[in-house]
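Undergrad: Supplied in structure tokens, the structure appears directly below.
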Amino acid sequence: MITIDGLIAGDKIPSERELSERLNFGRSSVREALRALELLGLIETRRGEGTFIRDFQGNHLVQLLSTFILQDEKAKRDVLETRNYIEMDLLRLALLKIDDQHLVNVIDWLNQEDSIQDDEFFYRIIEIADNHLLSRIWSILKDYYDSLELVKMTIHREKYLALLDALAEKNELKTLSAYYNLRNLSVFNDKY
């Protein structure tokens, strides 16, 4: 309904009565759903004005959900594993789309940074890969990963440069090997 109506953050959503009619649910069900969305920080109710969509990009929804979802070690491993697979797919797409200007831009960025933020590096890879869906999935997984509060590894500039060199060569095997080296994953190196 948000998409169909073209609603964005800050827009007023229909009343409980209208939502009930449009969705073909009872008002009490709609009221409970709205209450849940408000608790999650996705909407806000202003007394006398109505209910509005919040800008929830920076909210703590992932941290809230992760306390329930990431309770066991397997779920945590699944987040790490899935993030790695998404990053490898983004690298494969980047291999198809990267050009000299992309490389110059990323290398210039690397050379200007005193300390390299891994997320920032992969944001640049995502821009090259130019796939909105994978970008959104990666962003959500990154938020879950960040909520795990793991000790962040220091990754040396040379590992990023090796990954960029492999991308420049448009060599998938070298790119994935450089990625495994970047993430300190031994499976790839053992396998190939």
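The values are calculated or read from the model by the stated rules, or taken from the named source; none is laboratory data. In this text, all values refer to a predicted model and were calculated from it rather than measured experimentally. Here Cβ is always computed from backbone atoms with ideal geometry, including for glycine, and neighbour counts include all displayed protein chains. Areas reflect the complete protein model, heavy atoms only, side chains present, ligands, DNA and RNA absent. Shrake-Rupley method; radii C 1.70, N 1.55, O 1.52, S 1.80 Å.
Undergrad: Can you name the number of the only condition in (1) among the polar types (S, T, N, Q); (2) at pLDDT 90 or above; (3) within 30 Å of Leu167 (Cβ to Cβ) that Ser20 fails?
TA: (3)
Undergrad: Still on this structure: For region 93-106, which residues satisfy the criterion of being without any contact (Cβ under 8 Å) to a residue 60 or more places away in the chain and either within 18 Å of His132 (Cα to Cα) or open to solvent by less than 60 Å² (accessible area, probe 1.4 Å) (or both)?
TA: If the condition is that a residue be without any contact (Cβ under 8 Å) to a residue 60 or more places away in the chain and either within 18 Å of His132 (Cα to Cα) or open to solvent by less than 60 Å² (accessible area, probe 1.4 Å) (or both), then Leu93, Leu96, Lys97, His102, Val106 are the ones that fit.
Undergrad: Which condition does Leu7 not pass, out of (1) in a helix (DSSP H, G or I); (2) modelled with pLDDT under 90; (3) surrounded by 13 or more Cβ atoms within 10 Å (Cβ to Cβ); (4) not acidic (Asp, Glu), if it passes all the others?
TA: So the condition that Leu7 fails would be (1).
Undergrad: Looking at Trp109, Trp138, can you tell me which residue is out of contact with any strand residue (DSSP E or B) (no Cβ under 6 Å at 6 or more places or on another chain) and free of Cβ contacts under 8 Å to residues at least 40 places away in the same chain?
TA: Trp109
Undergrad: Return the residues of region 107-150 that are more than 15 Å from Leu80 (Cβ to Cβ), open to solvent by less than 40 Å² (accessible area, probe 1.4 Å) and aromatic (Phe, Trp, Tyr); say none if nothing qualifies.
TA: If the condition is that a residue be more than 15 Å from Leu80 (Cβ to Cβ), open to solvent by less than 40 Å² (accessible area, probe 1.4 Å) and aromatic (Phe, Trp, Tyr), then Trp109, Phe121 are the ones that fit.
Undergrad: Please work out which one of (1) surrounded by fewer than 13 Cβ atoms within 10 Å (Cβ to Cβ); (2) modelled with pLDDT of 85 or more; (3) closer than 29 Å to Ser147 by Cα is the condition Ile43 fails and give its number.
TA: (1)
Undergrad: Can you pull out every residue in region 17-40 that is in a helix (DSSP H, G or I) and either open to solvent by less than 50 Å² (accessible area, probe 1.4 Å) or among the small types (Gly, Ala, Ser) (or both)?
TA: Leu19, Ser20, Ser28, Ser29, Val30, Ala33, Leu34, Ala36, listed by residue number.
Undergrad: Residues being touching a residue at least 24 places away in the same chain (Cβ under 8 Å) and of a type outside the set (S, T, N, Q): count how many of those fall in region 2-27.
TA: 8
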